[in-house]
Amino acid sequence: MNTNIFENSKLRKAALGVAGLAFVGGVTAGPAVTTALDEGARSMAPTAAVAAEKPDTAKLIPNGTQGVQQDVEWNEEQVGNAKAIIEATKANGMDERAAVIAVATAMQESTLNNFGHLGDRNDHDSQGLFQQRPSSGWGTVEQITDPEYATTAFLKALKQVDGWEELPLTAAAQTVQVSAFPDHYAKWEQAAADLVAEHWNS
């Protein structure tokens, strides 16, 4: 038998054995497994993938921002809700601009908090990230307080707005939300674009 073939075969078996150990042992086995790999097996490992590029600003804010923009430091829960909106947008086959409109709308409606009923402070029966109302046909309380459902419902309505892709953000959002403060969505455009740029490909 060729010595090189024999040695390569042993090396492959060693690598496979260690890979199996990692699978069984889970994440905590990682450092020990890495130590166990010899130099030959380590050289077989694939190189790390290059991080995906962030979406282009022209795609996120095609019309430029309108008015003074809000500068807010979001907490972990709020960022998590923004990411849920972004993922739901992608799941619905819509682009980064739709995600910016959806995130900015939720910023204005709930500051990215998935609110339940707020009692005396509630606007009628408005709840969830988009402050949708069961009495207006948006869904049940359980549905509208589910970020994926709420985002999908918002996007379904957005798709019905003629030329939404070309509209200023506040006009697109207002057509869906019918807010008493139609111009307030505009101030969140940059903040929404920043979160979408950060998490669209993450």
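The values are calculated or read from the model by the stated rules, or taken from the named source; none is laboratory data. Nothing here was measured: the structure is a model prediction, and the numbers come from that model. Ideal geometry is used to build each Cβ from the backbone, glycine not excepted, and the neighbour counts take in all protein chains shown. In case anyone asks, the SASA skips ligands and DNA or RNA and just uses the protein heavy atoms, side chains included. Shrake-Rupley method; radii C 1.70, N 1.55, O 1.52, S 1.80 Å.
Summary table below
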read-out: When each of K54/K156; K159/K187; K54/K159; K59/K159; K90/K159 is checked by Cα-Cα distance, pairs over 20 Å; value: K54/K156; K159/K187; K54/K159
read-out: Accessible area in the full protein assembly, largest first, 1.4 Å probe, for T111, T105, T57; value: T57, T111, T105
read-out: Contour excess over end-to-end distance, with Cα ends at D183 and Q66 and 0.36 nm allotted per residue; value: 41.2 nm
read-out: Solvent exposure ordering (accessible area, 1.4 Å, most first) of K54, K187; value: K54, K187
read-out: Local net charge near V141, Cβ-Cβ under 11 Å (Lys/Arg +1, Asp/Glu -1); value: -2
read-out: Calculated FRET efficiency for the pair T175/T57, C-beta based, R₀ 35 Å, to 0.05; value: 0.90
read-out: Amide H contacts of Q132 (H built 1.01 Å from N, under 5 Å, at least 5 apart or other chain); value: Q127
read-out: Nearest-10 value in Å² for the accessible area of K59, using the 1.4 Å probe; value: 100 Å²
read-out: Rounded accessible area of E77 (nearest 10 Å², 1.4 Å probe); value: 120 Å²
read-out: Separation of alpha-carbon centers, the range 146-202 and the range 81-98, rounded to whole Å; value: 10 Å
read-out: Environment charge at A150 (Cβ cut-off 13 Å; Lys +1, Arg +1, Asp -1, Glu -1); value: -3
read-out: Whole-percent carbon and sulfur share, accessible surface of the range 76-183, 1.4 Å; value: 48 percent
read-out: Net charge over other residues, Cβ less than 14 angstrom from the Cβ of A193 (K, R count +1; D, E count -1); value: -3
read-out: Mean Cβ count within 10 Å, highest first, over the residues of peptides 139-146, 64-71; value: 139-146, 64-71
read-out: Phi-based couplings in Hz for the range 57-66 (Karplus 6.51, -1.76, 1.60; Gly and Pro marked x); value: 4, 5, 7, 6, 10, x, 9, x, 7, 10
read-out: Most to least accessible of S136, S202, S110, S179 (protein chains only, probe 1.4 Å); value: S202, S136, S179, S110
